[in-house]
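First the structure, in the form of structure tokens, and then the observations on it.
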Amino acid sequence: MATRLMFENSCEIGVFSKLTNAYCLVAIGGSESFYSAFETDLGGIIPVVKTSIGGTRIIGRLCAGNKNGLLLPHTTTDQELQHLRNSLPDQVVVQRVDEKLSALGNCIACNDHVALTHTDLDRETEELIADVLGVEVFRQTIAGNILVGSYCTFSNRGGLVHPHTSIEDLDELSTLLQVPLVAGTVNRGSEVVAAGLTVNDWVAYCGTDTTATELSVIESVFKLREAQPSAIVDEMRRSLIDTYV
Amino acid sequence: MPRRLTRRRRLLPQPLTFSPFARSVASIQRVSSKAHISKIRRGSPPDCKGIGVSKHNSSLSESSEDEGFEGVVQTDFVFFDPKSDDFHGVKILLQTYLDDKQWDLNGFVDLILAQATVGTLVKIEGDDDDTPFSVISALNLGRYKDHKCIVELKEFLLQICQEKDLINGLRSILGEQAHDVGLLVSQRVVNLPPQLLPPLYGALFDEVSWATEDEPTEELRNSFRFKFYLLVSKIYKLKNANQKRNAHQKKRPNSHNDEEIIYIKPEDEIFHKLSLWSFTFPMRTQQVETQELKNYSLTGFALVVEAEKISTFRQQLESSIDES
């Protein structure tokens with residue numbers, strides 16, 4: 001289910017929020033309608049945590065995470081780190097990373113199994129990513145851009161990349177990531193797809209400028225149309241239970 | 001066996017910014033303020049208006065491309081007609097036009113880009129990104145009065161105006177006299193060289209007068225015969241006016257008399273002097289906190305200037321840019 005949202009007159013939802021399968025981080029200072037949009041869909045299922053990182057609201061671009069862990073830049077203050085450790089579920093490992101490229105959200109794109117990173121990331125950071133997030137790490141570029149975290153976004157079910165990605169690159173990335181990929185735009189033609197939308201396995205949020213065509217592409221590649229948390233359970237039930245007495 | 005791709009090393013040292021747009025802005029910042037306009041060039045792209053301004057420091061003979069943090073970068077600015085591809089760049093420039101009000105900014109940007117005859121975008125020559133660094137346009141309030149963005153803009157101004165004696169004047173400017181009023185939209189990146197301003201405003205006002213002759217229909221020609229220009233902008237206003245009086249008594253060594261208003265754009269000062277009337281309104285968007293500006297707060301500012309005063313404005317703009 002893809003929803004259109006606005007954060008304080010900006011359509012860049014992926015900048016002000018971070019959505020994974022186990023938690024959701026949102027920036028402070030937004031309007032109540034922004035938070036209620038997240039609360040409606042995610043309310044009882046995963047925790048929605050209001051936070052800042054290093055005193056800023058661009059949390060989506062500064063941190064990288066999945067259901068196993070969350071990586072924060074060195075600019076994160078101790079209070080913010082503690083707040084996140086307290087608010088997130090125990091199985092999520094929260095780790096602050098000493099990396100010169102501190103906008104981790106722009107440098108790392110990941111789902112629960114694979115991560116694509118900026119080509120100039122430190123070796124130690126790469127090992128930390130593999131450790132904390134429990135993923136396989138690949139150094140990549142997207143359509144010639146080194147900021148993979150900005151120009152591609154993917155969940156466990158599908159991914160959206162920069163519109164100028166060539167077919168060969170798309171195929172290569174798709175084999176690497178083992179998910180279907182599509183080259184498209186968000187927010188009425190914006191190429192920075194990861195800044196414009198935030199997605200997990202069953203829900204996606206994008207800016208209000210997103211056209212109906214873009215929205216339908218997002219819903220189909222991320223397989224959101226039938227995806228409700230109950231749908232997954234229903235499917236399981238059908239395969240496990242043979243007859244009802 | 002998972003494939004590992006080889007590292008690609010960046011060969012040129014780049015300034016510490018991560019988008020091509022930010023890199024261009026960082027490189028412009030290094031242009032010396034004493035640079036003078038050395039030549040005017042006709043640009044080659046078909047939709048380009050053909051006015052290029054190139055600037056360089058006369059002591060440096062070669063142009064340096066992103067050479068560390070010293071040195072001067074030679075840039076060519078080119079003026080373009082607005083076209084619909086420029087949507088995102090112009091939207092970013094106009095993001096805080098009406099403070100933090102949620103309004104139909106998309107519609108407003110579309111209006112500006114649809115009006116190809118009057119309006120200019122400033123870009124850098126040969127920039128792959130094609131981002132506009134400045135946008136200027138004049139929109140007839142009467143012609144577009146039914147558009148949602150103009151309706152919301154009028155509502156915003158009427159609501160935000162706190163000066164009772166001006167509210168009637170404002171209401172008539174936005175109401176009955178709207179077809180004679182041009183909304184002057186001018187927004188740019190903060191560090192755009194001021195030498196560009198006289199040609200930029202010159203281009204706008206020239207286009208307005210050409211449009212009164214060249215437009216295909218009588219109605220359109222009349223819509224550019226502006227009698228008034230409405231301007232919405234931002235200034236820095238001294239936070240507490242009482243501070244000035246205390247400064248006189250104490251005579252602290254660093255208390256140069258703080259000016260009451262700091263104009264972010266130099267042409268705003270000239271417009272303010274020539275204006276029929278003006279008012280300020282408080283803004284809620286966060287401003288950048290710097291040492292020099294700690295006593296100032298970002299304030300919105302709207303004024304109306306008569307169209308006859310424009311030639312005076314152009315002369316004063318030329319002279320003030322020449323002497324700075």
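The values are calculated or read from the model by the stated rules, or taken from the named source; none is laboratory data. Source: prediction; values computed, not measured. Methodologically, a virtual Cβ is constructed for each residue, glycine included, from the backbone with ideal geometry; neighbour enumeration extends over all protein chains shown.
Scanning the stretch B:123-160 for residues that are surrounded by fewer than 21 Cβ atoms within 10 Å (Cβ to Cβ) and farther than 25 Å from B:Ser223 by Cβ returns B:Ile124, B:Glu125, B:Gly126, B:Asp127, B:Asp128, B:Asp129, B:Asp130, B:Gln159, B:Ile160.
Just so you know, in the stretch A:182-208 the residues that are of a type in the set (A, V, I, L, M) and not in a helix (DSSP H, G or I) include one that is farthest from B:Asp86 (Cα to Cα), and it is A:Val203.
Could you please find all residues in the stretch A:14-42 being at pLDDT below 95, under 21 Å from A:Leu160 (Cβ atoms) and of a type in the set (D, E, K, R)? Answer for the stretch A:14-42, where residues must be at pLDDT below 95, under 21 Å from A:Leu160 (Cβ atoms) and of a type in the set (D, E, K, R): just A:Asp41.
Going residue by residue through the stretch A:77-97, is there one that turns out to be within 14 Å of chain B (Cβ to nearest Cβ) and surrounded by fewer than 20 Cβ atoms within 10 Å (Cβ to Cβ)? No, the stretch A:77-97 contains no residue that is within 14 Å of chain B (Cβ to nearest Cβ) and surrounded by fewer than 20 Cβ atoms within 10 Å (Cβ to Cβ). When the residues of the stretch A:1-38 are filtered to those that are free of Cβ contacts under 8 Å to residues at least 12 places away in the same chain and more than 12 Å from chain B (Cβ to nearest Cβ), the one that is farthest from the chain's Cα centre (by Cα) is A:Glu32. Scoring A:Arg188 on the criteria (1) of a type in the set (D, E, K, R); (2) on the phi < 0 side of the Ramachandran plot; (3) touching a Ser or Thr at 6+ places or on another chain (Cβ under 8 Å) leaves a single failure, condition (2). Whether a residue is over 30 Å from A:Thr40 (Cβ atoms) and either outside any helix (DSSP H, G or I) or touching a residue at least 40 places away in the same chain (Cβ under 8 Å) (or both) was assessed, and A:Thr243 passes this test. Scanning the stretch A:209-240 for residues that are part of a helix (DSSP H, G or I), modelled with pLDDT of 90 or more and of a type in the set (D, E, K, R) gives A:Glu214, A:Glu219.
Within the stretch B:276-289, if we keep just the residues that are of a type outside the set (D, E, K, R) and modelled with pLDDT under 80, the residue that is nearest to B:Arg171 (Cα to Cα) turns out to be B:Thr285. Scanning the stretch B:80-91 for residues that are within 17 Å of A:Gly207 (Cβ to Cβ) and either modelled with pLDDT under 85 or at the interface with chain A (Cβ under 10 Å from one of its Cβ atoms) (or both) yields B:Phe87, B:His88, B:Lys91. Which of the residues spanning the stretch A:191-224 are within 12 Å of another protein chain (Cβ to nearest Cβ) and touching a residue at least 40 places away in the same chain (Cβ under 8 Å)? A:Glu191, A:Val192, A:Ala195, A:Gly196, A:Gly207, A:Thr208, A:Asp209, A:Thr210 - these are the residues of the stretch A:191-224 that are within 12 Å of another protein chain (Cβ to nearest Cβ) and touching a residue at least 40 places away in the same chain (Cβ under 8 Å).
Looking only at residues of the stretch B:307-324 that are touching a residue at least 60 places away in the same chain (Cβ under 8 Å) and touching a helix residue (DSSP H, G or I) at 6+ places or on another chain (Cβ under 6 Å), we find that the one that is nearest to B:Lys273 (Cα to Cα) is B:Phe313.
Filtered by the rule that a residue be under 11 Å from B:Thr117 (Cβ atoms), touching a helix residue (DSSP H, G or I) at 6+ places or on another chain (Cβ under 6 Å) and part of a helix (DSSP H, G or I), the stretch B:197-218 gives a lone residue, B:Thr212. Here A:Lys100 fulfils each of the conditions (1) part of a strand (DSSP E or B); (2) without any contact (Cβ under 8 Å) to a residue 40 or more places away in the chain apart from (1). Screening B:Leu170 against (1) modelled with pLDDT of 90 or more; (2) part of a helix (DSSP H, G or I); (3) touching a helix residue (DSSP H, G or I) at 6+ places or on another chain (Cβ under 8 Å) leaves a single unmet condition, (1).
The residue that is nearest to B:Ser320 (Cα to Cα), among those in the stretch B:256-294 that are in a loop (DSSP other than H, G, I, E, B) and among the hydroxyl-bearing types (Ser, Thr, Tyr), is B:Ser275. Considering every residue within the stretch B:115-122, establish whether at least one is on the phi < 0 side of the Ramachandran plot, surrounded by 21 or more Cβ atoms within 10 Å (Cβ to Cβ) and within 14 Å of chain A (Cβ to nearest Cβ). No, the stretch B:115-122 has no match at all.
Of all the numbered requirements in (1) surrounded by 23 or more Cβ atoms within 10 Å (Cβ to Cβ); (2) away from chain B (no Cβ under 14 Å); (3) modelled with pLDDT under 95, A:Asn187 misses one, and that requirement is (2).
Counting the residues of the stretch A:50-89 that are among the charged types (D, E, K, R) and assigned to a loop (DSSP other than H, G, I, E, B) gives 2.
Which of the strands (runs of 3 or more DSSP E) contained wholly in the stretch A:105-181 include at least 2 residues that are β-branched (Val, Ile, Thr) and either surrounded by fewer than 17 Cβ atoms within 10 Å (Cβ to Cβ) or within 14 Å of chain B (Cβ to nearest Cβ) (or both)? Before the answer, list the steps.
Details: elements: A:108-110, A:114-117, A:136-139, A:152-154, A:159-161.
Answer list for the stretch A:105-181: A:114-117.
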